[in-house]
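The values are calculated or read from the model by the stated rules, or taken from the named source; none is laboratory data. Predicted, not measured: the structure shown is a model, and the values here were computed from it. For neighbour counting, all protein chains shown are included, and Cβ atoms are generated from backbone atoms with ideal geometry for every residue, glycine included.
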Amino acid sequence: MPNTTMSTTLIKATGINRYYGNTQVVKNLEFELNTGDILGFLGPNGAGKSTSMQIISGSLAPDAGQITINGFDLIDNPTEAKRQLGYLPEQPPLYKELTVDEYLIYSAQLRNVEKHAINDALTKAKQRCGLSDVGNKMINNLSKGYQQRVGIAQAIIHSPAVIILDEPTVGLDPIQIQEIRQLIIELGQEHGVILSTHILPEVQAVCNRVQIIQQGELVYHNDMQSLNAENQSSHTTFTFREPIKPQLFENIDGISATELLDAQSLNISFSADTEKADAAHRQLLKIFADQNWTLISMLPKTRSLEQIFIELTTSENSASKPSETAA
Amino acid sequence: MILSIALREVRSLFMSPLAWTVLAVTQFILAWIFFAQIDNFFVLQPQLQSLKSAPGVTDLVAAPLFNITSIVLLMVTPLMTMRLISEERRSGTIQLLMSSPVSMTQIVLGKYLGMMIFFSLFILQISLMPLSLYIGTELDSGKLMAGFLAIFLLIAAFVSVGLYLSSLTDNPTVAAVASFGLLLLLWIINTSAAESTDNLFNYLSLIQHSNAIIRGVINTTDIIYFLLFILTFLGLSIRQLDSYRLQH
């Protein structure tokens, strides 16, 4: 479990609903974000990620629900709430005819950064996003990767409590992706970050919490720590040269389940109790030897985020699955 | 805050060739008219001398210049205002404004102010022509000021319409065509009711009010008409931006 007791709640969203015409794109979305959290917001294309991001950032009004940002209600007190917020939309909101400096200063002014503090904020934001050398360049003349960085700089220039990044690494080269991820991890230490993406390794690399949205509904949320812990106590796939007799594996203490994949291979799930599981392993080896089976491979399978994602987002009636209650 | 938005608007305007082109083309056309009017004046001068209380230079050169200016503005303002909000909607930059701690009123007023700063430069540029006549002759300063006031009020009204229609669509061309159409309609709305002087259409017509001021008759009715006109369209723009968050 994350140590939520130490940190303060930055975002609290309850019962968010949003329709486009008759289609409901966000259904009863509920979540919290705390200081130090980097929350990965996952979902397939069109699941309602960007819509949710827009709602949380205040650029789209929800049809129902309540969002408080650092204690300020986004609907009753939008000015105060938005002051706590930095937002990078899917498409960076850049005025391409301005220079990087002009643009960032304008962003700072919009976010009520005080006049004397603007220069410092500008230098810091540029430094963090690796833009120090291009301050005088027109945004239009920058490459896509640099434009993306300007978009991020814009979101952090006023050091907001909450930073919302909608697919920040799209269109970047692998080195830039590494740099941006590093930056996000850094930002996560002082701020709360929401990262929307459909790149799973990205979530595993940066986030400490993850939630999956499918057809507008939250279908999974967990923190990475317990996700990784769950992974360890997963099953192992055994494959043999010869056909096997699955009944031999029944009633072994320490094996929680077996699943025959085909005539030569099967999945064995072990008990979470390490001692029992170890005993079961030893007993298995004895059985293999007694039967004179040729063991070709033995693959411990972990239930990765990718599997969870695919399971949740491809099953037909995933909408009816109850979401796990971690975090 | 409003000023930051306005200055950003002005900066972006002058980064694009559109603003410069508009200033250059309008200046050229109006200068042409100006010289033509001066030419006319020289032809008419001998006849005028025989008249009692003959019209002066202000009436014969400045007033027609202002009249033509208002027609040129009718065509040019929609081109300038078309991108105000629609371009932000199209490129997504509006999300920066929407997620910033600024109210819709501030956004609208900032954009309006930015456009008015641009058109103030336009007025300054145009004003140099009639003012240059001071070198060689006497002008009726009062009438001249009234002319400038009329042009200013017209611009203020045109821009408010352009701003509103720009907030309705994310296609700048559509915004331009719609603003031009609406302005032209308001311009000519009284043509069918030419005989009767005080009906609704006459009151609604823009030209009716601006012409009076250009003639030097400054009536509170006309001033109030313009103020109401501007406030109406600015209010509609604010409402539109508010509901944009709900519907888009």
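Please work out which one of (1) under 17 Å from A:Cys207 (Cβ atoms); (2) within 11 Å of chain B (Cβ to nearest Cβ) is the condition A:Leu42 fails and give its number.
(2)
Those residues that are surrounded by fewer than 20 Cβ atoms within 10 Å (Cβ to Cβ) and either hydroxyl-bearing (Ser, Thr, Tyr) or free of Cβ contacts under 8 Å to residues at least 60 places away in the same chain (or both), I need them from region A:39-50; list them, please. It would help to see each step written out before you state the result.
We begin by selecting, within region A:39-50, every residue surrounded by fewer than 20 Cβ atoms within 10 Å (Cβ to Cβ); these are A:44-46.
Across region A:39-50, the qualifying residue is only A:Gly46.
Given the conditions (1) under 21 Å from the mean Cα position of the chain (by Cα); (2) within 11 Å of chain A (Cβ to nearest Cβ), and given that B:Met15 satisfies all but one, which numbered condition is not satisfied?
Looking at each condition in turn, B:Met15 falls short on (1).
Taking B:Leu139 as meeting all but one of (1) closer than 22 Å to B:Gln27 by Cβ; (2) within 14 Å of chain A (Cβ to nearest Cβ); (3) assigned to a loop (DSSP other than H, G, I, E, B), write down the number of the exception.
(2)
If we scan region A:114-127, do we find a residue that is on the phi > 0 side of the Ramachandran plot, crowded, with 16+ Cβ neighbours inside 10 Å and more than 10 Å from every other protein chain (Cβ to nearest Cβ)? Quick ask: steps written out before the conclusion?
At the first step, the residues of region A:114-127 found to be on the phi > 0 side of the Ramachandran plot are none.
No, region A:114-127 contains no residue that is on the phi > 0 side of the Ramachandran plot, crowded, with 16+ Cβ neighbours inside 10 Å and more than 10 Å from every other protein chain (Cβ to nearest Cβ).
For region A:26-34, does any single residue satisfy the condition of being modelled with pLDDT under 90, part of a loop (DSSP other than H, G, I, E, B) and either surrounded by fewer than 16 Cβ atoms within 10 Å (Cβ to Cβ) or in the same structural domain as A:Gln225 (by TED's automatic domain parsing) (or both)?
No: zero hits.
Suppose we filter A:Ile212, A:Ile185 for residues that are more than 17 Å from A:Met53 (Cα to Cα), β-branched (Val, Ile, Thr), at pLDDT 85 or above and under 17 Å from the mean Cα position of the chain (by Cα); which single one remains?
Sole residue among the options that is more than 17 Å from A:Met53 (Cα to Cα), β-branched (Val, Ile, Thr), at pLDDT 85 or above and under 17 Å from the mean Cα position of the chain (by Cα): A:Ile185.
Just to be sure I understand, how many residues within region B:13-58 are in a helix (DSSP H, G or I) and closer than 20 Å to B:Gln125 by Cα?
Here the count works out to 27.
Can you find a residue that is under 29 Å from B:Val10 (Cβ atoms), in contact (Cβ under 8 Å) with a residue 60 or more places away in the chain and either crowded, with 17+ Cβ neighbours inside 10 Å or at the interface with another protein chain (Cβ under 7 Å from one of its Cβ atoms) (or both) anywhere in region A:96-106?
The answer is no, given that none of the residues of region A:96-106 is under 29 Å from B:Val10 (Cβ atoms), in contact (Cβ under 8 Å) with a residue 60 or more places away in the chain and either crowded, with 17+ Cβ neighbours inside 10 Å or at the interface with another protein chain (Cβ under 7 Å from one of its Cβ atoms) (or both).
Which of the residues spanning region B:208-248 are among the hydrophobic types (A, V, I, L, M, F, W, C) and more than 26 Å from B:Met145 (Cβ to Cβ)? Lay out the reasoning, then the answer.
Of the residues in region B:208-248, the ones among the hydrophobic types (A, V, I, L, M, F, W, C) are B:212-214, B:217-218, B:223-224, B:226-231, B:233-234, B:236, B:238, B:241, B:246.
Those that are among the hydrophobic types (A, V, I, L, M, F, W, C) and more than 26 Å from B:Met145 (Cβ to Cβ): B:Leu236, B:Ile238, B:Leu241, B:Leu246.
Could you please let me know if B:Ser50 is farther than 27 Å from B:Ala212 by Cα and either out of contact with any helix residue (DSSP H, G or I) (no Cβ under 6 Å at 6 or more places or on another chain) or within 14 Å of chain A (Cβ to nearest Cβ) (or both)?
yes
State the number of residues belonging to region B:90-109 that are surrounded by 23 or more Cβ atoms within 10 Å (Cβ to Cβ) and more than 23 Å from the chain's Cα centre (by Cα).
Total meeting the criteria: 7.
Go through region A:109-168 and report how many residues are part of a helix (DSSP H, G or I), in contact (Cβ under 8 Å) with a residue 40 or more places away in the chain and of a type outside the set (S, T, N, Q).
Looking only at that region, the number is 8.
Just to check your reading of the model, which residue among B:Ile5, B:Ile38 is of a type in the set (A, V, I, L, M, F, W, C) and touching a Lys or Arg at 6+ places or on another chain (Cβ under 9 Å)?
Step by step, each of B:Ile5, B:Ile38 is checked, and only B:Ile5 is of a type in the set (A, V, I, L, M, F, W, C) and touching a Lys or Arg at 6+ places or on another chain (Cβ under 9 Å).
Does B:Pro64 meet the test of being at pLDDT below 90, surrounded by fewer than 14 Cβ atoms within 10 Å (Cβ to Cβ), out of contact with any Cys (no Cβ under 7 Å at 6 or more places or on another chain) and more than 14 Å from chain A (Cβ to nearest Cβ)? Steps first, answer last, please.
Values: at pLDDT below 90: yes; surrounded by fewer than 14 Cβ atoms within 10 Å (Cβ to Cβ): no; out of contact with any Cys (no Cβ under 7 Å at 6 or more places or on another chain): yes; more than 14 Å from chain A (Cβ to nearest Cβ): yes.
The answer is no for B:Pro64.
Could you check B:Met115 against (1) away from every other protein chain (no Cβ under 13 Å); (2) buried (at least 22 other Cβ atoms within 10 Å of the Cβ); (3) more than 17 Å from B:Ser237 (Cβ to Cβ) and say which number it fails?
The single condition B:Met115 does not satisfy is (3).
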